[in-house]
Structures are given as structure tokens and as C-alpha cells.
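Enquirer: Sharing a structure, written as C-alpha cells. Questions coming.
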Amino acid sequence: METDEDMGTDDEMGLVELFGYDKLERELILRQNNFSSPSPLYDALNDDRDEMTPEEAYSYSEQVLKSDGFDVSDIPGVNCFHQIQPCNIDYDYDMYKRYSQLAIDEYNRRFKDDNAELEFVKVLKAMGQAARGIRYYITFMAKDLGDGGEIRTYQAVVLDGLDSETADSFRLKPPEDERDSGSHGRQWFWKKNLCNDETCCI
């Protein structure tokens, strides 16, 4: 006879079925970015809410929609499913550099016939979201070798999945005025798996 330990609780199984990840994966993104302590005492004293207030949800959704997930503020004391959270890039800078390079390599592969080539410069910021692995929204600088070495700011969505790492989306970071106008979609070199339908905590 199978026990809850063998097959997981009904609640956890439902989360896996609906969203493709469980509570352990959500905790992984926090621990990986130095956001939570492994101490049970710490967890007991810092009982995060798994829902936002209406005001928090409105502000969060506005930020996600305006930036496509690349610029979202932390909400202290809140930890809910599909929530995009800022990552501490200093905690494991090499990891974010690797994800940025993955996106650059994919760009160079896709546009090699156009003599387009980017060279990594530095990571500026990153956001993380549990999603069948961890989805990272990374903002970084790169040198455009196909345009006189101009340094520009780019943004990429990289999925660190269960069995592979993929650069799902890539673009020039849109100017602030384009972000406000909602016209920044035309800046994408390619896109897939954006956060637009996942702006709220479930």
C-alpha cells in the first residue's frame, strides 16, 4: 500500500499536475539565490504568506506587465506560486553569466548568416520564477561586434529546466518610453514562454 511519503500529498500532486512543479522546486529558487535560510527555526519565525494583498497583487501585476517580468520588486513576507522574484546576482554571479552566455550563443547561432555577433560584457540584474524548473529573466550588457563594438543592454528568458537549459526569449532592452507605450514587443529577436499569463500568484 502506498503512503503519502511514497506518492506525495494530494495537495503537492495537484500542484505538480497544474503547474509542473511542487513546493520543493519553489524553495529551490529561493535557496539558490540566497533568499531563504535552511534553518527550520528561521522558517518558523518568518512565516511567509502565500497570497498577496489586493494592493500588492495590483502593483506586482503592473510591474510584470510593464517589464515582461524583467523588473519586478521584492514583496517582503510574500512567497507564492508563479511569483517572479529578484535574484541576488552576487550570490552566484557565474551562474547568471552562464545563462547570459547561453542566450548570446543562441543569438549568434541564429544570426550568423547576417554577420551578427554579440560578446558578453556583464550581468545587470535577474529575476527568477519556478516553472517546470526555474525561469530566469536576465538583463545584461553585450558588445555588438557586428555594429562596431557598440555596447547595448539585452534581456533574455532562460529556462533551467528539468533536463536542459534553453534561451527561450531574447531582445534588446526597450527604451523607457516604449515600455510605457506598450510597443516594446517589436524589439524581440525571438520569444517564447513569457510571463504574461502568469502575472498573479496561484
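Enquirer: Tell me, yes or no, whether segment 45-63 has at least one residue that is under 30 Å from Lys143 (Cβ atoms), open to solvent by 80 Å² or more (accessible area, probe 1.4 Å), modelled with pLDDT of 85 or more and more than 14 Å from the chain's Cα centre (by Cα).
Expert: no
Enquirer: Are any residues in segment 129-149 assigned to a strand (DSSP E or B), under 20 Å from His82 (Cα atoms) and of a type outside the set (S, T, N, Q), and if so, which ones?
Expert: Ala130, Gly133, Ile134, Arg135, Tyr136, Tyr137, Ile138, listed by residue number.
Enquirer: Quick one: would you say Thr3 is at pLDDT 50 or above, among the β-branched types (Val, Ile, Thr) and over 18 Å from Ala131 (Cβ atoms)?
Expert: The answer is no for Thr3.
Enquirer: May I pose another question? For Tyr91, indicate whether it is buried (at least 23 other Cβ atoms within 10 Å of the Cβ) and aromatic (Phe, Trp, Tyr).
Expert: No; evaluated as a whole, the condition is false for this residue.
Enquirer: If we keep just the residues of segment 109-126 that are open to solvent by less than 80 Å² (accessible area, probe 1.4 Å) and modelled with pLDDT of 95 or more, which is nearest to Leu162 (Cα to Cα)?
Expert: Filtering segment 109-126 for residues that are open to solvent by less than 80 Å² (accessible area, probe 1.4 Å) and modelled with pLDDT of 95 or more, the one nearest to Leu162 (Cα to Cα) comes out as Ala126.
Enquirer: Something else: Has segment 67-82 got any residue that is within 20 Å of Asp160 (Cβ to Cβ), among the hydroxyl-bearing types (Ser, Thr, Tyr) and open to solvent by less than 30 Å² (accessible area, probe 1.4 Å)?
Expert: no
Enquirer: Additional query: Among the residues of segment 69-119, which ones are part of a loop (DSSP other than H, G, I, E, B), free of Cβ contacts under 8 Å to residues at least 60 places away in the same chain and polar (S, T, N, Q)?
Expert: Ser73, Asn79, Asn88, Asn115 - these are the residues of segment 69-119 that are part of a loop (DSSP other than H, G, I, E, B), free of Cβ contacts under 8 Å to residues at least 60 places away in the same chain and polar (S, T, N, Q).
Enquirer: Right, another one. What's the total number of residues in segment 150-187 that are at pLDDT 85 or above, in a strand (DSSP E or B) and surrounded by 13 or more Cβ atoms within 10 Å (Cβ to Cβ)?
Expert: 17
The values are calculated or read from the model by the stated rules, or taken from the named source; none is laboratory data. Remember, it's a predicted structure, so these values are computed and weren't measured experimentally. Ideal geometry is used to build each Cβ from the backbone, glycine not excepted, and the neighbour counts take in all protein chains shown. SASA here: full protein model, heavy atoms, side chains in, ligands and nucleic acids out. Shrake-Rupley method; radii C 1.70, N 1.55, O 1.52, S 1.80 Å.
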